[in-house]
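Everything on this sheet refers to the single structure shown next.
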Amino acid sequence: MKEKRILIVGAGALGSSFLDSISGEFSKVGIFDGDIITKDNLKTQPFYEGCNFEIPLSKAEFAANKMGEKDKTSEYVFYNRYFMERDEDILKEYDYVIDFTDNLKSRLVINKAAVNKGIPAVFASINEKEVFLYFYNDGNACFNCIYRNSNGKVKEGCDSIISPLSDKTISFIKDNILSFIKDKIYGGSVRILNISKGKEMSVNINKDPQCEECSKHSFKIDDSALIQVCAAGIKFSSNTHIDLKRASEKIKGSKVAGDYLFSKNDGKSILISSEGDFLFTGYELKEARELLSFLKQ
Ligand SMILES: [Zn+2]
């Protein structure tokens, strides 16, 4: 697991406790948070003790420096801002994104980015009674699937934290997230800890075929998609992750090798990369467009 890179979004009570517990576990840890540290934070976030408050200091920067001092085997990178849609590409530099914002708007933005980039994600949430961990990976229910079907049951909980998290809560969060990264917990599942009883529960969530974010996302082609006609053929950049296995089921006689799908017949060939680049050789523009819309379905 040491070679894995994770992006932590939100370094409040949940995020800072998790961060403090993963020293030496990853090769690179990114920390996103737009907040500055206040004296009030110390009541629930002991991680920030040692901040001198002489100058305003961002949580993300303090956290990255503190962890970097403590753990010389991992690289800590900070982003002292809130995660927005424009930050989607940053996910390409990580293998997992862990959302501790516990804020619905941010959560949906992070979910969308994770789905678009095909990056597994964990969404952590807490209220006075329970801790929730939602696990997402490609092909399974995303957070938006859960939200769409929650009938208002998905709530934001951060404000309800009035004391530092207990050791039991921190180890529940850490152990489950590490299990997910070791492929021992599947995407589409939710783990719940009842704080007062100390009981753990697991629930599986089905993918919602109507979900705006994850259904058919493999062939979602956005406005920045680009078609170029060049000497090598017709190039098309969809700017989206492609599920090559699914694409190969649609293209007769195609083969998937590593990050590419390849198909050749009657002097025509198709090359598709998992990063979303297509090359059609021997095709007319009209044919290529038809093929693309067929793949999109
Ligand atoms: Zn979904």
>> Can you tell me which condition ASP208 does not meet? The list is (1) at pLDDT 80 or above; (2) open to solvent by 20 Å² or more (accessible area, probe 1.4 Å); (3) within 16 Å of the ligand (Cβ to nearest atom), and all the others hold.
In response: (2)
> Can you name every residue in segment 228-266 that is hydrophobic (A, V, I, L, M, F, W, C) and not in a strand (DSSP E or B)?
Replying inline: ALA231, ALA232, ILE242, LEU244, ALA247, ILE251
>> For segment 274-291, give me each residue that is crowded, with 17+ Cβ neighbours inside 10 Å and outside any loop (DSSP other than H, G, I, E, B).
In response: PHE278, LEU279, PHE280, ALA288, LEU291
> Which residues, taken from segment 254-271, are over 17 Å from GLU287 (Cβ atoms) and open to solvent by 60 Å² or more (accessible area, probe 1.4 Å)?
Replying inline: LYS255, VAL256, ALA257, GLY258, ASP259, TYR260, PHE262
>> Looking for something touching a Pro at 6+ places or on another chain (Cβ under 8 Å), of a type in the set (A, V, I, L, M, F, W, C) and touching a residue at least 60 places away in the same chain (Cβ under 8 Å) - is there at least one such residue anywhere in segment 34-42?
In response: no
> Do we have SER179 as at pLDDT 95 or above and open to solvent by less than 80 Å² (accessible area, probe 1.4 Å) here?
Replying inline: yes
>> I'd like the full set of residues that are among the small types (Gly, Ala, Ser), away from the ligand (no atom under 14 Å from the Cβ) and in contact with a strand residue (DSSP E or B) (Cβ under 6 Å, 6 or more places away or on another chain), limited to segment 95-151.
In response: ALA124, SER125
>> Quick check on this structure: which one of GLY24, GLY34 is over 20 Å from the mean Cα position of the chain (by Cα) and open to solvent by 20 Å² or more (accessible area, probe 1.4 Å)?
In response: GLY24
>> With the structure loaded, tell me whether VAL256 is touching a helix residue (DSSP H, G or I) at 6+ places or on another chain (Cβ under 9 Å), modelled with pLDDT of 90 or more and within 16 Å of the ligand (Cβ to nearest atom) or whether it fails that test.
In response: no
> Here is a list of conditions, (1) touching a helix residue (DSSP H, G or I) at 6+ places or on another chain (Cβ under 7 Å); (2) at pLDDT 95 or above; (3) within 16 Å of the ligand (Cβ to nearest atom), and MET67 meets all of them except one; can you say which number that is?
Replying inline: (3)
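The values are calculated or read from the model by the stated rules, or taken from the named source; none is laboratory data. Owing to the predicted nature of the structure, the values given are computational and were not obtained by experimental measurement. Note that we place each Cβ from the backbone using ideal geometry, even for glycine, and neighbour counts take in every protein chain shown. Note: accessible area is taken over every heavy atom of the protein model, side chains too, but ligands, DNA and RNA are not part of it. Shrake-Rupley method; radii C 1.70, N 1.55, O 1.52, S 1.80 Å.
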